[in-house]
1. So Ser101 fits all but one of (1) part of a loop (DSSP other than H, G, I, E, B); (2) within 17 Å of Trp70 (Cβ to Cβ); (3) small (Gly, Ala, Ser); what number is the exception?
2. Residue under question is Phe300, and the condition is that it be touching a Phe, Trp or Tyr at 6+ places or on another chain (Cβ under 8 Å) and either of a type outside the set (D, E, K, R) or buried (at least 19 other Cβ atoms within 10 Å of the Cβ) (or both); does it hold?
3. Given the conditions (1) modelled with pLDDT of 95 or more; (2) of a type in the set (D, E, K, R); (3) outside any helix (DSSP H, G or I), which single one is not true for Glu40?
4. Of the numbered conditions (1) more than 21 Å from Gly22 (Cα to Cα); (2) at pLDDT below 95; (3) of a type in the set (A, V, I, L, M); (4) surrounded by fewer than 19 Cβ atoms within 10 Å (Cβ to Cβ), Met139 fails exactly one; give the number of that condition.
5. Quick one: would you say Ser85 is in a helix (DSSP H, G or I) and touching a residue at least 12 places away in the same chain (Cβ under 8 Å)?
6. Across the stretch 275-291, which residue is farthest from the chain's Cα centre (by Cα) among those that are under 18 Å from Ser238 (Cβ atoms) and not β-branched (Val, Ile, Thr)?
Amino acid sequence: MHEPLTIAVAAYEGAELLDVTGPIEVFNMLNRCLGESAPERPGYRIVILAQQAGPFSTCPGVKIVADHAWEDLPERADTILVPGSPDDALGRAMQDQRLLSWLAAEGQRVRRLISVCTGSLILAEAGLLKGKRATTHWMDLERLRRDYPEVMVENDAIYTRDGMIATSAGVTAGMDLALALVEEDFGRKLALTVARRLVMFLKRPGGQAQFSTQLRAQMVEGGQMAPLLAWLRENPCSKATVEDLAQRAAMSPRNFARVFLRETGKTPAKYLDQLRLEHSVALLEETTLPLERVARDSGFTCAEQMRRVFIREVGVTPLAYRTRF
């Protein structure tokens with residue numbers, strides 16, 4: 001790579017401020033890290049686009065200065081990023097034929113096309129998500145599914161990748177996606193450096209879930225699993241196995257696994273791991289208990305099991321997590 005990778009942020013009047021600036025901070029931090037460790041290595045060139053060059057207002061009223069109008073980008077972008085916005089501004093952007101036409105054309109030429117939050121609805125309106133897996137803010141998932149049935153909507157993802165298109169969930173999830181792109185472009189070591197500088201996770205606890213397991217339980221009230229999930233809320237540190245849960249639900253293990261996955265979006269084993277992970281994270285942050293005690297009090301069979309789950313889901317060991325946070 002001999003030239004910087006151009007990130008073109010396709011903003012518009014009323015765009016969500018953090019959808020624009022959050023990913024920019026991640027890309028810029030990569031540039032700063034490179035400047036310190038490998039100044040000869042090009043990083044990112046960040047260009048902000050809008051209806052026209054000059055200042056435009058974001059959702060909270062903060063003004064940002066666009067470098068160019070959408071159509072006037074003087075170079076080929078490597079990546080186009082489309083931010084989201086609240087309903088009024090989003091509706092105007094989705095009806096802006098200039099923006100949609102430009103995206104439809106440029107979206108076929110760039111190496112990557114990404115969205116933050118409800119920016120995925122703009123991509124869908126431009127016809128760029130047909131047959132693609134995508135996500136958006138949890139409040140707009142049903143709208144994306146209803147209005148664009150050709151899109152394969154993923155309910156429970158911080159971000160999705162489908163070929164050259166990536167979509168992310170609400171607001172700060174755009175920073176998670178930006179960090180994943182940094183890792184893709186510059187490697188894990190530099191991505192970890194960026195994450196540390198920004199006090200971010202390279203991968204959030206709980207994997208890619210938009211919701212905690214406790215919130216997930218509240219969202220499926222009324223289903224067959226509701227009594228069991230209520231019991232798990234009251235007994236988050238239970239050492240119950242999947243077989244124990246199936247027996248408590250009065251189902252065969254096979255039927256239990258099928259119904260549980262349908263209602264929660266996760267397998268019973270994954271759900272238990274994440275429930276225990278969330279509890280252990282709280283203990284690591286708030287107490288000085290030994291790791292073996294944290295594991296036992298969180299429902300893990302031992303510290304080694306907790307360690308394996310941490311490495312798989314968070315990307316660091318429990319001890320490294322405690323040291324850092």
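The values are calculated or read from the model by the stated rules, or taken from the named source; none is laboratory data. Keep in mind that this is a model prediction, so the values were computed, not measured. FYI the Cβ positions are ideal-geometry reconstructions off the backbone, even for glycines, and counts take in every protein chain you see.
1. The one condition Ser101 does not meet is (1).
2. It is false that Phe300 is touching a Phe, Trp or Tyr at 6+ places or on another chain (Cβ under 8 Å) and either of a type outside the set (D, E, K, R) or buried (at least 19 other Cβ atoms within 10 Å of the Cβ) (or both).
3. In the conditions (1) modelled with pLDDT of 95 or more; (2) of a type in the set (D, E, K, R); (3) outside any helix (DSSP H, G or I), Glu40 misses (1) alone.
4. Every listed condition holds for Met139 apart from (1).
5. In short, no.
6. Top of the filtered list is Leu283.
Residue by residue, here is whether (1) in a loop (DSSP other than H, G, I, E, B); (2) closer than 21 Å to Asp78 by Cβ; (3) free of Cβ contacts under 8 Å to residues at least 24 places away in the same chain; (4) outside the structural domain of Gly22 (by TED's automatic domain parsing) holds:
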position: Leu123; (1), (2), (3), (4): no, yes, no, no
position: Leu129; (1), (2), (3), (4): yes, yes, no, no
position: Thr136; (1), (2), (3), (4): yes, no, no, no
position: Leu141; (1), (2), (3), (4): no, no, yes, no
position: Leu144; (1), (2), (3), (4): no, no, no, no
position: Pro149; (1), (2), (3), (4): yes, no, yes, no
